[in-house]
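The next block holds one structure in the form of structure tokens; read it before the comments.
The values are calculated or read from the model by the stated rules, or taken from the named source; none is laboratory data. Keep in mind that this is a model prediction, so the values were computed, not measured. Quick reminder, even Gly has a Cβ in these numbers, built from the backbone with ideal geometry, and neighbours come from all protein chains shown. Quick note on the areas: whole protein, heavy atoms, side chains included, nothing else; ligands and nucleic acids left out. Shrake-Rupley method; radii C 1.70, N 1.55, O 1.52, S 1.80 Å.
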Amino acid sequence: MSEAAAAHAHDEHHHEGGFVSTYLFSLDHKMIGKQFLLLSLFMMIIGGLLALMVRWQLAYPEQPVPGLAWVPEPYLYDGIIPPETYNMLFTMHATIMIFFVVIPILVGAFGNFLIPLMIGTKDMAFPILNMLSFWIAAFAGGLLISSFFVEGGAAAGGWTAYAPLSAAEVYTGVGLGQDLWIISLVVLGISSMMGSINYITTIINMRAPGMTMFRLPLVVWSLFITAILLLLALPELTAAMAMLLFDRRFGTAFFLPEHGGEPILWQHLFWFFGHPEVYILILPGMGIASEILSVFSRKPIFGYRAMAMAMIAIAFLGWVVWGHHMFQSGMNPTMGMAFMTTTMVIAVPSAIKTFNWLGTLWGGNIHFTTPMLHALAFVSMFVIGGLSGIYMAATPVDIFIHDTYFIVGHIHYVVFGGSIFAIFGGIAYWFPKMYGRMMNETLGKIHFFGTLLFFNITFFPMHIIGIGGHMRRIYNPEQYEFLEPLLHWNEIMTIGSIGLGIFQIVFAVNFFWSMFAGEKATQNPWHANTLEWEAPTPPPHGNFLVTPTVYRGPYEYSVPGEKEDWLPQARPGSGVAAAH
Amino acid sequence: MAKFSLFPESASTIAGQVDGLFFFMIAVSTFFGLLVAGLVVFLSIRYRRRSDAVATDPPLLNSLRLEVAWTIIPFLISMVMFYWGASVYVTMARPPDDAEEIFVVGKQWMWKLQHIEGRREINELHVPVGQPIKLTMTSEDVIHSFYVPAFRIKADVVPGRYNTLWFEATKVGTYHLFCAEYCGTEHSKMIGSVYVMEPSDFQEWLSGGSGSAARSAAPVEVGRTLFAEKGCVTCHKAEGSMMGPSLVGIFGSERELAAGTRVVVDEDYLRESVLNPQAKIVAGYQPVMPTFAGQLDEEELLALVQYIKSLEPVDARDESAEAHAGQGEGNG
Ligand code: HEM
Ligand SMILES: [Cu+2]
Ligand SMILES: [Cu+2]
């Protein structure tokens, strides 16, 4: 605490000190959060363009990509994507989206911006660590992007980098690019570790007076649990990555069978990290949706404790389900059975959360703002992703659909339908606190409806073609006779993805236009209860003019007898008594 | 335009069971998907903003009962799925005893297959209808995955170990065979076909048909030759010796190791014993066996394993000379 205070005091002297300390190496958690947001949105553009190229190839195989004739060989041949490049495209798309878009926005941007404001403190426990964590993440992003330009091109082993494919250059023809991929993820892991330590310490030690753990807003709970998962999962991934790099460069054979290594070991190591990782991708989204649903239903969240407990349950169960990614790797059926049970069970807390969100809507007074629309979409789309997860939990069904487009459909319903909708909702909801202005509602709604429509056109048919036997990661689906009746779906999905891309331009315009010219925001434009709305808009260094004291839980909306339909956490006295 | 059907053609005994479970899941998930999406829309409209006044509707009772209900019901449904899934899974995991064995070696980017009688194929697999087939599979380089959509089967083909997969085709015809696990640049071209034939046609095909270039010695015979050529016989006599244990009848038995643990002899154990003999030392012997890693390719290894499997102790059949020698010695 004292350290933080000291750092903060020091910072204040230089507050007006200029561009570098305000915008680049700022120690202010809010600025760091915004830096994460901009970096990740930039990475999202790159990841999205890569995906559009993948989609182009699937719908119009080996036809020149419009507008890309200028790209030199061997990346493209007069705009035609060769298989080597195609494999880089889907590998890098997934890596960027998962590691450099969804996690940094949810954890880096929202985590940084929200935690100190919502628990009522001045800043993070370790502001310098915080600043470093951003710059290390930016460096990791640079490393990853640079790998496109080295000899042999970028990594092409899939985002899961299964050994031995990824463990020796001969198998993919990619050399330095795969090494850079590994190093970049290790570096990013260091950044996430720094962030996680910071979040956990801050939430445990620096809550405002009266802010007990069970008065924390659910989004803070979700970020807290996510930070713990990251802290436990990352060292393991880092170790696995180091082993992979050693196999590639220093003659070890952890994963190379010709020298006694075990390729399946990589899968165990990767998914032991990987499954907690997918919950890292969704828990903060669940938290954001919970905030928004409660505020715009003007109702307490249904079953607050059950919501927190479900997240804790997911955090525990998430460690014992990794084998469901490996049912067909030659796993002993007894193990397969165990993993099938745990995977079935982990769907239960997700079901509980879904019903609780519905319970929150029941009897509410629903305001259809842009954030609310996104939260409603989050619930509906996440459910589809969760349900498709159950198919894959049943081993015999999974054996059939594993490595088909069904899996790709599942991933996108949970990560795009879930996390990305939560992200858009969260940006619209907290934008006034971040930039002091409201985002434009009309543009926001145009973006929302376009995205929802084209998202479903792009991703729903993936389930259908997956069941039909269309595999993932294939360069040219036209080579497969039996897929012929399904190929028109590929074209539909590609058109959907182009629509999806176009509507994101609306978001970008809204974001930057509102930042400079949006309607000025008041201190609490949504009439919300949580502490961030007690701070001035936008909050100065140190956030609060006086440290708030917390008197109640975060979701006391429409309390009977109150004359307003909200009752902030920091308002003293029993509201009801005062009203009478 | 072919008529729309959700699943690819189904042509194995297991396909119907998988599809049955699949349909159950489609039913359950469509129900819950529509329920939730329907409720989101219904509640959004029913409770849309009415005025800025405090909501007056009676709130949904914050009852424990409701929460218990929506915990227990999904749990029970998931357990039904588990039970059903587990029973199909067990069937899929256990090849029947009368399954005919076929060897599969994957490599970038082709399938090499060999029948027990010796006939080899590349990217093609001929099998008789109505006969359970067990595939013993390994890879020469990266991980591949043997996938026949019409049979609803898939298993990874992993270098350094044997994975098995079994099926029984129910319909004569030609089916697609794919590599489902991404395996490098030309992954999408790793395509093959499975030809399901009437047993009589199959026999004819097997015994040579037209082009007999693909005919070669049965793996057991290849293994027998290798066993002599590579000098295994010098240490592994049928009756056993100081140099090395007898390999007669060891397949499927339990071995005691010098480390004090026990191990069941299966294909993977035999493979490891040849490539990495120091990994598991048989109790009572010295670790003197040299490694044969790098001297045998995957097909030769499969042949050796097949040969060792064929060594039977007190044997009425007269296929195995060693077994006979061993028996003769014992009697004499
Ligand atoms: C209801 C809960 C869920 C269940 C039962 C479930 C189940 C599964 C299963 C069994 C697989 C492996 C399928 C296969 O490869 O054959 C899988 C893959 C995957 N899941 Fe989930 N899942 C659930 C929720 C989520 C969530 C919330 C996320 C992320 C936000 C997620 C992200 C992924 C990803 C990224 C993969 C694919 C990994 C790959 O192979 O590339 N899942 N899921
Ligand atoms: Cu998982
Ligand atoms: Cu392959």
Inset, instruction - Could you check which residue among B:Ala37, B:Ala218, B:Ala303 shows the biggest mean-square fluctuation in a GNM of chain B with a 10 Å Cα cutoff? - result: B:Ala37
Inset, instruction - Run the accessible area of chain B with a 1.4 Å probe and give the carbon-and-sulfur part as a rounded percent. - result: 59 percent
Legend entry - 30 Å Cα-Cα reach of B:Lys237 towards lysines, excluding residues that sit fewer than 8 places from it in its own chain: B:Lys280, B:Lys309
Legend entry - Estimated vicinal HN-Hα couplings, Hz - segment A:222-239 in sequence order (Karplus 6.51, -1.76, 1.60; Gly, Pro = x): 5, 5, 5, 5, 4, 4, 5, 4, 4, 4, 7, 7, 5, x, 5, 5, 4, 4
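Of the beta bridges DSSP finds with both residues in chain B, what % are antiparallel, to the nearest 5?
70 percent
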Legend entry - For segment A:410-425, 3J(HN,Hα) per residue [Karplus equation, 6.51 cos²θ - 1.76 cosθ + 1.60, θ = phi - 60°, Hz, x = Gly/Pro]: 4, 3, 6, 5, 7, 8, 7, x, x, 4, 5, 5, 4, 5, 4, x
Legend entry - Overall form of segment A:404-455 per C-alpha gyration tensor (a/c, 1.5; a/b vs b/c): oblate
Inset, instruction - Please list, or write none, the lysines whose alpha carbon is within less than 30 Å of the alpha carbon of A:Lys520, excluding same-chain residues fewer than 8 places away. - result: A:Lys30, A:Lys34, A:Lys122, A:Lys299, A:Lys433, A:Lys445, A:Lys563
Legend entry - Separation between Cα centres of segment A:313-340 and segment A:13-63, rounded to whole Å: 35 Å
Inset, instruction - State to the nearest 20 debye the size of the charge dipole of chain B about its Cα centre, where the only charges are +1 on K and R beta carbons and -1 on D and E beta carbons. - result: 1680 debye
Legend entry - Relative contact order of chain A, pairs being alpha-carbon contacts under 8 Å that are 6 or more residues apart, as %: 15 percent
Legend entry - Protein-protein interface of segment A:426-473, residues with accessible area decrease of at least 30 Å², isolated chain reference, 1.4 Å probe: A:Ile464, A:Ile467, A:Met471, A:Arg473
Legend entry - Interface area, A with B, accessible, probe 1.4 Å, both sides summed, Å² nearest 100: 7300 Å²
Legend entry - Bridge type composition, segment B:100-207 - antiparallel percent by DSSP, nearest 5: 70 percent
Legend entry - Whichever aspartates and glutamates have a C-alpha closer than 12 Å to that of B:Lys154, once near sequence neighbours (fewer than 8 apart) are set aside: A:Asp398, A:Asp403, B:Glu181
Inset, instruction - Please report how far the C-alpha centroid of segment B:152-228 lies from that of segment A:393-457, rounded to the nearest whole angstrom. - result: 43 Å
Legend entry - Efficiency of FRET between A:Leu545 and A:Ile492 - r from beta-carbon atoms, R0 45 angstrom, step 0.05: 0.25
Inset, instruction - For segment A:35-534, give the magnitude of the charge dipole about the Cα centre (Cβ charges: +1 Lys/Arg, -1 Asp/Glu; no others), in debye to the nearest 20. - result: 1880 debye
Inset, instruction - Kindly state, to the nearest 0.05, the FRET efficiency for A:Phe139 paired with A:Glu169, given R0 = 22 Å and r defined as their beta-carbon distance. - result: 0.35
Inset, instruction - Give the longest segment of chain A that steers clear of GluC sites (Glu not before Pro) in DSSP loops with at most 10 neighbouring Cβ atoms within 10 Å, not counting the sites themselves. - result: A:152-580
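Given a Förster distance of 56 angstrom, what is the FRET efficiency for B:Arg46 paired with A:Leu232, based on the Cβ-Cβ distance and rounded to 0.05?
Values: r = 43 Å, r/R0 = 0.76.
Efficiency, rounded to the nearest 0.05: 0.85.
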Inset, instruction - Specify the inter-centroid distance of segment A:466-482 and segment A:259-310, based on alpha-carbon positions, in whole Å. - result: 31 Å
Legend entry - Charge dipole (debye, nearest 20) of segment B:100-207; +1 at Cβ of Lys and Arg, -1 at Cβ of Asp and Glu: 260 debye
